[in-house]
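Structure first, then comments.
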Amino acid sequence: MDPVYFDHAATTPVDPQVLDAMLPYFTKSYGNANSAHQHGRDCKVAIEDARELIAGLIGAEPSEIIFTSGGTESDNAIIKGVFEALSRAGKTEIITSPIEHHAVIHPAEALKRQGATITYLQPDSSGIITAEQVAEAISDKTAIVSLMHVNNEIGSINPVKEIATVCREKKIPFHSDTVQSVGKIPVNVKELGLDSLSISAHKIYGPKGIGVLYVKNGTPWIPWLQGGSQERRRRGGTLNVAGIVAMAKAMELSIYDMDKLNNHYKKLRAVAISGLKRKFNGRFVINGPEEGGVPHILNVGFKTADDKGLDGEMLLLNLDIEGICVSNGSACTSGAMEPSHVLKGIGRSDVIGKSSIRISFGKQNTLEEVEYLIEKLDGILERMMATVS
Ligand SMILES: *Cc1c(COP(=O)(O)O)cnc(C)c1O
């Protein structure tokens, strides 16, 4: 039996339609998009078509779309690039939150070596930062505000439109990591008022290693990857033609199927929650919003009678033995025994933090698979709880 995969917030399989779209660009149209001959031109056309499609899907201009190697590069590029553009004028403060993805937190922390200060806004217990908090925090030293749209561990949704309004009034560039929101909830840069955003293909049934950075024309920003003149000198490096074609297809499909898939995830999530209530009533908590978040993410922590909590790593391993893939917090920090920084950030105790798992649904998951998860969880937790107390 194939494993039951509930880790779609970590990555997704490539959709067969996406694979079909990208394959010709490996062996048939394999040119370098910078070349002046026919092979080059074919690729250039495919890339510019993809750029236009992507721009249209998020309400941007094609000239505002830059192809990168993924969400991590896009987040790094904008945070470091805006800081470089503004720090010499004394704007050295980065406003963000402690529950951002490490692709935002770590570059911000690294900029401390160049004089940056970081203001971390405290989210509420469901993971939300308000526009009022941002308004209060902004100072004449603020270079950039970076707050994610959808949290990848707990599924909370920040009010980015309201936050963007505050930033625009104070003329501060606002970046939002939209890796988990594109294809899940509507993302339109004009509607939301964003100055920049990040997208990653592999979270939406595209391949790993390709992403988008949208930067609104006029945003103070110095590109950080120098090389050839690709991407109008904003990101050097031979363009990943197949990846770019795949990115466009993945975005198109996921946005087109969004409502249908969300209804599917809502059902899976509701069955999971009612199963948990049936088996573990009073012995589990939902981390993040029970309602009002994105339906493809469900993060739960288990309580034990002795209040010492469970070994989440062990729970993960036991589920893996049963052929079930979930995650404890974000995959990037798995292996380290630290409780998730996101769960800590929303005020969860270390005990709940280390006893938590993230279940993230994808389009191929079925209700039967969710029932299977609940049944296996029941057996494993009974065993584990018997051994802790
Ligand atoms: C996965 C993820 C990233 C990193 O994207 P990569 O393409 O894997 O580098 C950044 N932010 C969020 C919210 C993510 O979920």
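Some points to look at:
- Gyration tensor over the Cα atoms of segment 258-388: the corresponding equivalent ellipsoid has semi-axes (square roots of 5 times the eigenvalues, largest first) of 22, 17, 14 Å.
- Net dipole in debye of the chain [+1 Lys, Arg Cβ; -1 Asp, Glu Cβ; about Cα centre; nearest 20]: 760 debye
- Between helix 241-256 and the chain there is an angle of about 60 degrees, using the helix long axis and the longest principal axis of the Cα atoms.
- Residue ranking by accessible heavy-atom surface, 1.4 Å probe, largest first, among LYS344, LYS171, LYS203 comes out as LYS171, LYS344, LYS203.
- Of the trypsin sites (Lys or Arg not before Pro) in segment 259-296, those whose Cβ has at most 15 other Cβ within 10 Å and which sit in DSSP loop: ARG283
- Solution diffusion estimate, µm²/s, Stokes-Einstein, segment 17-256, Kirkwood Rh from C-alpha pairs, 25 °C, viscosity 0.890 mPa s: 136 µm²/s
- Greater than 27 Å apart at Cα, pairs in LYS303/LYS344; LYS208/LYS308; LYS170/LYS344; LYS267/LYS303; LYS44/LYS203: LYS208/LYS308; LYS170/LYS344
- Accessible surface, per residue, of segment 1-56 when the full set of protein chains is kept, probe 1.4 Å, Å²: 58 Å²
- Taking the charge dipole of the chain about its Cα centre, with +1 at Lys and Arg Cβ atoms and -1 at Asp and Glu Cβ atoms, the residue from LEU310, GLN226, SER29 reaching farthest to the positive side is GLN226.
- For the pair HIS106 and ASP140, the difference between a 0.36 nm per residue extended length and the Cα-Cα distance amounts to 9.9 nm.
- Taking SER349, SER69, SER327 in turn, the Gaussian network model of the chain (Cα-Cα springs below 10 Å) assigns the largest fluctuation to SER349.
- Whole-percent carbon and sulfur share, accessible surface of segment 17-256, 1.4 Å: 53 percent
- Largest accessible area first, the listed residues LYS303, LYS28, LYS363 line up as LYS28, LYS303, LYS363 when surface is computed with a 1.4 Å probe on the assembled protein chains.
- Placing a label point 7 Å from the Cα of GLU382 along the Cα-to-Cβ direction, no residue of segment 288-316 has its backbone N under 14 Å from that point.
- DSSP bridge orientation in the chain - percent antiparallel, rounded to nearest 5: 55 percent
- Loop-resident chymotrypsin sites (Phe, Trp or Tyr not before Pro) (DSSP state other than H, G, I, E or B) in segment 16-77 with no more than 16 further Cβ atoms inside 10 Å of their Cβ: TYR30.
- Residue-level accessible surface for MET384, protein heavy atoms, 1.4 Å, Å²: 20 Å²
- The chain: most fluctuating residue of ARG88, ARG234, ARG348 per GNM, C-alpha cutoff 10 Å: ARG88
- Spacing of the modelled spin labels on ASP350 and VAL45, each 7 Å from Cα toward Cβ, amounts to 6.1 nm.
The values are calculated or read from the model by the stated rules, or taken from the named source; none is laboratory data. A quick note: this is a predicted structure, and the numbers were derived from the prediction, not measured. Because the Cβ atoms are built from the backbone with ideal geometry, glycine has one as well, and the counts that use them run over all protein chains shown. Surface areas here come from the heavy atoms of the whole protein model, side chains and all, with no ligands, DNA or RNA. Shrake-Rupley method; radii C 1.70, N 1.55, O 1.52, S 1.80 Å.
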